[in-house]
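Contents: one structure, followed by commentary.
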Amino acid sequence: MKADAGQIQRALDRPDPAVRLILLYGPDESGSRALAARIDKAMGAEAERIDLAGAQLKEDPARLADEAASISLFGGARHIRVDPAGDEIIDAAQALLEAASGGNPVIVIAGNLRKDAKLVKLALASPMALAFASYLPEGRAADQVAVEIARELGLRLDPRAAQAIVAATNADRALIARELEKLALFLDASPDDPKPADAAAFETIGAVNDESDLSAIVDAVMGGRPEQAAAELALIGAPEAIGAVRAVLRRLAQIAPLRAEVAAGQSVDAVMAGAGKAIFWKDQKVVAGLLQRWSPDRIATATTRLAALERAYKRSGSPGMILIGEELLTIARVAASARR
């Protein structure tokens, strides 16, 4: 069944044995995970949580129903979280809903699934499942998210500071929380000792490199403007540059499924219309341009190269600014000749 915000919050705060599966999906994965954390709190600190990945259930579809029916080793509360997941768990989800009994609640966190995805259709059709799509908050709603997260950390966030943080993180809930955690540490704030936080305080600590700078690099690289990309890269260091690599990877992941639809014969306008709120409104024009510029093969190649670069960074702490710059500029040059 489809759930609205109030229904999904109540279902997570007070789990109903009649609801076997709760599907949290949509472009705001941070929002989905924030919702999933509510059931952790509801079940209690002593509850046993079983974490599974979609790939595990694809190999063993019966496991989900088995885990849902199992009793905790310690005799207490038990719940199952599947993250990440997608249509690869459709057999497992169907087996759970068709089982003689459920038992332990199952929370599935999926990414930006379309309305016609098998997993979404299954959850919407079943009276034993709830489905809720999380979208990136916009405008005042995004500012309020920042204010609420800040309050939990002991910060009294003023409106201008909330707007600055939302703009710097592109309304990503996880990034908002990260910036606010740094701000709370800087101001020595806590829930027991709350402190006021204004825009000046955020600007003082800010992100290591503000989102507008990262966006400029991402747009230059993906948009095929190597000279501009080189100029932007010259202004930052390796820690910020690896952040740009990750930002480019996020953009590639965002456009990959959309570009596949274009390759299958749909027009760019039709694909963008179908994406709806899945694309942040400020990004819609940029994404439409990228769908014309990038082919599925080029997206796959760039993703592979940048993922390898990020792995090298994780292993060594830094693959070097020169290597990062060369790879990003190579991709920018490819993009420059890739309009189609």
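The values are calculated or read from the model by the stated rules, or taken from the named source; none is laboratory data. Remember, predicted model here, so these are calculated numbers, not experimental data. Virtual Cβ from ideal backbone geometry, glycine too; neighbours counted across all protein chains shown. In case anyone asks, the SASA skips ligands and DNA or RNA and just uses the protein heavy atoms, side chains included. Shrake-Rupley method; radii C 1.70, N 1.55, O 1.52, S 1.80 Å.
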When you scan the range 73-91, how many residues do you find that are within 16 Å of L130 (Cα to Cα) and among the small types (G, A, S)? 2
Of all the strands (runs of 3 or more DSSP E) wholly in the range 107-206, which have at least 3 residues that are open to solvent by less than 70 Å² (accessible area, probe 1.4 Å)? 129-133
Listed by first then second residue, the pairs whose first member lies in the range 309-327 and is closer than 17 Å to A231 by Cα and among the charged types (D, E, K, R), whose partner is open to solvent by less than 30 Å² (accessible area, probe 1.4 Å) and modelled with pLDDT of 70 or more, with beta carbons under 7 Å and at least 6 positions apart or on separate chains, are E327/L306; E327/L309
Return yes when D83 is in contact with a Leu (Cβ under 7 Å, 6 or more places away or on another chain), modelled with pLDDT under 95 and surrounded by 15 or more Cβ atoms within 10 Å (Cβ to Cβ) and no when it is not. no
Where the second residue is open to solvent by less than 30 Å² (accessible area, probe 1.4 Å) and outside any helix (DSSP H, G or I) and the first is closer than 23 Å to V166 by Cβ and lies in the range 280-304, which pairs have Cβ atoms under 6 Å and are six or more apart or on separate chains? V287/I279
Just give me the residues in the range 257-286 being modelled with pLDDT of 85 or more and touching a Phe, Trp or Tyr at 6+ places or on another chain (Cβ under 9 Å), in sequence order. R259
Yes/no for E240 being open to solvent by less than 60 Å² (accessible area, probe 1.4 Å) and over 23 Å from I217 (Cβ atoms): no
Could you check the range 1-106 for helices (runs of 4 or more DSSP H) lying wholly inside it with 3 or more residues that are under 20 Å from K118 (Cβ atoms)? 54-59, 62-69, 90-98
Filter the range 184-218 down to the residues that are acidic (D, E), within 29 Å of D283 (Cβ to Cβ) and modelled with pLDDT of 90 or more and list them by number. D198
Residues that are buried (at least 16 other Cβ atoms within 10 Å of the Cβ) and under 18 Å from A133 (Cβ atoms), drawn from the range 27-53: P27, D28, E29, S30, G31, S32, R33, A34, L35, A36, R38, I39
Pick from L57, L24, L12: which is over 23 Å from S134 (Cα atoms), modelled with pLDDT of 95 or more and either surrounded by 19 or more Cβ atoms within 10 Å (Cβ to Cβ) or under 24 Å from the mean Cα position of the chain (by Cα) (or both)? L57
Take A300 and tell me if it is out of contact with any strand residue (DSSP E or B) (no Cβ under 7 Å at 6 or more places or on another chain), open to solvent by 40 Å² or more (accessible area, probe 1.4 Å) and more than 20 Å from A216 (Cα to Cα). yes
